[in-house]
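Since the structure comes first, as structure tokens, the remarks are kept for the end.
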Amino acid sequence: MKKIVFIAAVALAAAACSKTYSVGPDSQKSVGFSSWNDVMTKADKSAFVANDEIEVYGYKHNDGADIATVFNDVDVKYDGANWTYSPIRFWDRNFSHYTFFGVYPKDKLNSGDYAQNGLFATGDFTYDGASEQLLIAKKTTVAKANFGQTVNLTFKHLASKVDIKVKKHTEILDVKLTVNSISVNDIQTKGSFTVSSYDGSNNPVGSWAVASSPVKNDNTVAPYKNATAVEIAAGANTPADLIIGLIAMPQTMATGTGAQTITINYTLTTGVAPNLDSVNYTKTFEIGAFDKTNPDPSDKNNTTPFISAWEPGVHYTYYITINADNKITFSADIEDWADATVIEGHHYIFQ
């Protein structure tokens, strides 16, 4: 098989949240919260549900001066309709701003002084491939004109989401393709995350570190393995899903020994029943060998730029395009009549 692999990386942009506030005179209104995160699908944390709890940190200040902590590791719980915490804090109009930070779920952080900077550091934890383990809110600053309004915390995905699909090269369009199994191998699943800053859009910026005692995925079970046959019929070529919605810890793609790889077992079937011929193949290749270039309409080897890492909050869709290098083909021609020479081409009979 000549592997043709294509990747599309779609950065998940945070949707803008517009709010219109009215200024009220009541300085004793409590500080309340609402929260949401980018909606994705299936196993992703697409929305908060009853009994979810976030940890909130924050401080009040006068344009960055006169800083005083207000929230320091406060559990805020969702009951399905509202976010509640105790004891209640009230807005203080002696200050010009409040700044808030948040993390989900609670109890993921190492001990630290986060209330006035949001530079969270987690301990090691493990991804199971199916569910998200960590979300961090954008830094949220509320001006005095908006005191009394609900504080909206927008959470960002800190994992990577991976889909793997398969299709046929146009040269084997008339062949039936059956993917018997596929697995992803040597994926790092245990590590920690540290926030180093917040960017100009108030998104958390940080880095993942693999655990000192690394743990890699079990490639014999779902969601890292799909052993259910997936078929693309002869004449058809709509890309088929192999692994969808894999939630992974962001990581750098290694090469050589220990590299993250994909193993695919598939069958190519030609002919018309009952005269069928099937050949089975197994191929393993590095995930870091996928590039950003669409291989269609012509065959090609993968070239730079490659996807060298899974980044936080990014959804990757990999396309594996199957071709057959060793397809046996025939052509035929008929050699022309040989020219007869004068001596050999004329024969005489004398009577």
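The values are calculated or read from the model by the stated rules, or taken from the named source; none is laboratory data. Just so you know, these numbers come straight off a predicted model, no measurement behind them. Neighbour counts run over all protein chains shown; Cβ positions are idealised from the backbone, glycine included. Protein only, heavy atoms only, side chains kept; ligands, DNA and RNA dropped before computing areas. Shrake-Rupley method; radii C 1.70, N 1.55, O 1.52, S 1.80 Å.
Per the Debye calculation on the range 197-251 with a single equal scatterer at every Cα and no solvent contribution, log₁₀ I(q)/I(0) for q = 0.12, 0.14 Å⁻¹ amounts to -0.57, -0.69. Ligands, DNA and RNA excluded, the heavy atoms of Thr263 present near 40 Å² of accessible surface to a 1.4 Å solvent probe. Which translational diffusion coefficient, to the nearest whole µm²/s, is obtained for the range 43-193 from the Stokes-Einstein equation, given a Kirkwood hydrodynamic radius over C-alpha pairs, 4 °C and 1.567 mPa s? It comes out at roughly 70 µm²/s.
Model label sites at Trp337 and Asp63, defined 7 Å from Cα along the beta-carbon direction, differ in position by 10.6 nm. Shape class for the range 150-235: prolate, because the ratio a/c of the largest to smallest gyration tensor axis (alpha-carbon atoms, square roots of eigenvalues) is 1.5 or more and a/b beats b/c.
Where a ≥ b ≥ c are the square roots of the eigenvalues of the C-alpha gyration tensor, would you call the range 147-200 rounded, which needs a/c under 1.5, or, failing that, prolate if a/b is larger than b/c, or oblate? It is prolate, given that a/c is not under 1.5 and a/b is the larger ratio. Listed cross-link partners Lys29/Lys138; Lys176/Lys216; Lys108/Lys139; Lys139/Lys190; Lys106/Lys216 are compared with a 28 Å cut-off, the Cα-Cα value being larger for Lys176/Lys216.
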